[in-house]
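Asks: Please read through the structure below; I'll follow up with questions.
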Amino acid sequence: MSMKTKEYVCLFLLSVAMAGCTGEVDNPVSKQRGFELTNFSNTGCKSTLTRGYEDSIQESFELTASIDGGLYVKHVNAIYNCGIRQFDAQTSIEGQVITVWEKAFKPEILPTCLCSFDIAYEVGPLEDGKSYTLTVTTKNPEDHSITAEMNKKEWKMDFVYSPNLSEVVVISKE
């Protein structure tokens, strides 16, 4: 091989090696996602209840740390009309107060029965060792009507986030 060919080969190999270098170190913290709600699911109607007997079902929230720094929330035995077929949820965080709006899409005609559903989702990321308040509400944040205010349900739970967080918050019947 001639000296000129060796120089071209060296320059080529150097350029290939340099093409993979951006000068940045792969830092997972710098690529951390913004606060969001993900992995939403619901069981559908687990059991049909007759009005007046919804107090016989124990409603609760299970709060569990996820592997990637989020909080897995499972609303166990959430009581809604049995005509509900679709749910959604939205979240926001202000300081250390997390608000989740659980939204049930109502059909045009509502049957007179109730169902228990499990609704689950993940919010985060959260910081290890920080105290948070989780507020879960059924009130639409954009609906300021008296009817919406009268029909809303709201629960507040305080917790300190850690990777081994696992709590069950039982909802007391009032």
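Asks: Mind checking which pairs have a first residue in segment 149-172 that is under 12 Å from GLU62 (Cα atoms) and a second that is loosely packed, with under 11 Cβ neighbours inside 10 Å and modelled with pLDDT of 95 or more, Cβ under 8 Å, 6 or more apart or different chains?
Replies: PHE159/SER131
Asks: Please find, within segment 62-85, the residue that is surrounded by the fewest Cβ atoms within 10 Å (Cβ to Cβ) out of those that are hydroxyl-bearing (Ser, Thr, Tyr) and touching a Leu at 6+ places or on another chain (Cβ under 9 Å).
Replies: That would be THR64.
Asks: Another question about this same structure. Given the criterion among the aliphatic types (A, V, I, L, M) and under 13 Å from PHE61 (Cβ atoms), identify the matching residue among LEU110, LEU126, LEU134.
Replies: LEU134
Asks: Is segment 125-134 home to any residue that is at pLDDT 90 or above and closer than 27 Å to CYS45 by Cα?
Replies: For segment 125-134, residues at pLDDT 90 or above and closer than 27 Å to CYS45 by Cα: present.
Asks: For segment 60-170, which fully contained strands (runs of 3 or more DSSP E) count at least 3 residues that are among the aliphatic types (A, V, I, L, M) and out of contact with any Pro (no Cβ under 8 Å at 6 or more places or on another chain)?
Replies: 71-81, 97-105, 113-124, 166-170
Asks: Still on this structure, I have one more. Which of the residues belonging to segment 94-112 are out of contact with any Gly (no Cβ under 8 Å at 6 or more places or on another chain) and more than 13 Å from LYS156 (Cβ to Cβ)?
Replies: Once the filter is applied, which keeps residues that are out of contact with any Gly (no Cβ under 8 Å at 6 or more places or on another chain) and more than 13 Å from LYS156 (Cβ to Cβ), segment 94-112 yields GLU94, GLY95, TRP101, GLU102, LYS103, ALA104, PHE105, GLU108, THR112.
Asks: When GLU142 is evaluated against the numbered criteria (1) without any contact (Cβ under 8 Å) to a residue 40 or more places away in the chain; (2) charged (D, E, K, R); (3) surrounded by 18 or more Cβ atoms within 10 Å (Cβ to Cβ), which criterion, by number, is the only one it fails?
Replies: (3)
Asks: Now for a separate question. Among what's in segment 36-95 and is among the aromatic types (Phe, Trp, Tyr) and under 27 Å from LEU110 (Cα atoms), pick the residue that is modelled with the lowest pLDDT.
Replies: Once the filter is applied, the top-ranked residue is TYR53.
Asks: When residues of segment 83-93 are filtered for being more than 25 Å from MET157 (Cα to Cα) and among the hydrophobic types (A, V, I, L, M, F, W, C), how many remain?
Replies: Adding up the residues that qualify gives 1.
The values are calculated or read from the model by the stated rules, or taken from the named source; none is laboratory data. Fair warning: this is a prediction, and the values are worked out from it, not measured in the lab. All Cβ positions, glycine included, derive from the backbone under ideal geometry; neighbour counts span all protein chains shown.
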